[in-house]
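Trainee: I am attaching a structure below and will ask some questions about it afterwards.
The values are calculated or read from the model by the stated rules, or taken from the named source; none is laboratory data. Given the structure is predicted, the values throughout are model-derived calculations rather than measurements. Cβ placement follows ideal geometry from the backbone for every residue including glycine, while neighbour counts extend to all protein chains displayed. Keep in mind that these areas ignore ligands, DNA and RNA; they rest on the heavy atoms of the full protein, side chains included. Shrake-Rupley method; radii C 1.70, N 1.55, O 1.52, S 1.80 Å.
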Amino acid sequence: PGTTNGTFTNIFNLYTFAADSNADINALHYVQRTVTVGSGGSTFTLQAGDVLLSTDANETLGGVAVTSGDVIVFRPTVPGNFSAGTFSVLLRDPGGTGKDVQGIALVESTTSVGGSTLNAGNLLLTFQGATHDTSLWRFVATGVGTGSTAGTLTEFIRGSDININQTITYGDYKRFSV
């Protein structure tokens, strides 16, 4: 293996927004293009530069109470500057699993994977827990936000079908473009 050098810079520090000054991220997705999540009268339009995330514990971020089972949006006040912005709950416990969200990938443009169509605005998620953590789940939102999250959660890839019998985390599937 070769060597690498350079500078590592922290551009987004969740601690600065947490009521207790201590919050850890379970999953993270940087939105690269405008995408609408939800349908009908219950939608949220994500903008390029927004950040989707989940936390490893219940937190209050920028005055918004969130749980480890939520998908949260951070929208910077100034695009590209993550020192100030607003938080919103995009999905409250998607699919009603009651499990922590461990991985998030937003489908930003319609694509086909293994004969299945993923539409822009669908989310691919992984969850903590024995019945959920070895699979990749697709959530199609019909409602978004606190008290309005609705949609269909389906198992997109069952890990055991492709000889994955360990927990799937964010880094395991994020390297693939969807």
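Trainee: Can you tell me the accessible area per residue over the stretch 29-94, all protein chains present, probe 1.4 angstrom, in square angstrom?
Mentor: Averaged over the residues of the stretch 29-94, the accessible area is 41 Å².
Trainee: Another one. What are the ³J(HN,Hα) couplings of the stretch 6-14, residue after residue, when phi is run through the Karplus curve with 6.51, -1.76, 1.60 and θ = phi - 60°? Round to Hz, x for glycine and proline.
Mentor: Each residue of the stretch 6-14 in turn: x, 10, 9, 10, 8, 10, 9, 10, 5 Hz.
Trainee: Still on this structure, please answer the following. Roughly speaking, to the nearest percent, how much of the stretch 1-132's 1.4 Å accessible area is carbon and sulfur?
Mentor: 48 percent
Trainee: Moving on to the next point. Among 66-74, 42-50, how do they line up by average Cβ neighbours within 10 Å per residue, starting with the highest?
Mentor: 66-74, 42-50
Trainee: Whole-Hz ³J(HN,Hα) for each residue in the stretch 89-104, computed from phi via Karplus 6.51 cos²θ - 1.76 cosθ + 1.60 with θ = phi - 60°, x for glycine and proline: what do you get?
Mentor: Karplus values, whole Hz, x for Gly and Pro: 7, 7, 9, 9, 6, x, x, x, 6, x, 9, 5, 7, 9, x, 9.
Trainee: Run the numbers on the stretch 1-117 and let me know its relative contact order in percent, using alpha-carbon pairs under 8 Å that are six or more apart.
Mentor: That works out to 23 percent.
Trainee: Another question about this same structure. Could you work out the equivalent-ellipsoid semi-axes for the stretch 42-127, taking the square root of 5 times each eigenvalue of the Cα gyration tensor, largest first, in whole Å?
Mentor: 23, 18, 10
Trainee: Is the stretch 9-51 best put as rounded, prolate or oblate by its Cα gyration tensor, with a ≥ b ≥ c the root eigenvalues, rounded for a/c under 1.5, and otherwise prolate when a/b is larger than b/c, oblate when not?
Mentor: Verdict is prolate for the stretch 9-51.
Trainee: Using amide H atoms built 1.01 Å from N in the peptide plane, name the residues 5+ places from L90, or on other chains, whose amide H lies under 5 Å from its own.
Mentor: Counting only residues 5 or more places away or on other chains, the set is V71, I72, V73.
Trainee: Here's something else I'd like to know. Net charge within 15 Å of N22 by Cβ-Cβ distance, Lys/Arg positive one each and Asp/Glu negative one each, not counting N22 itself?
Mentor: Every neighbour counted, the sum reads -4.
Trainee: Rank these by accessible area, largest first, 1.4 Å probe: D24, D100.
Mentor: D24, D100
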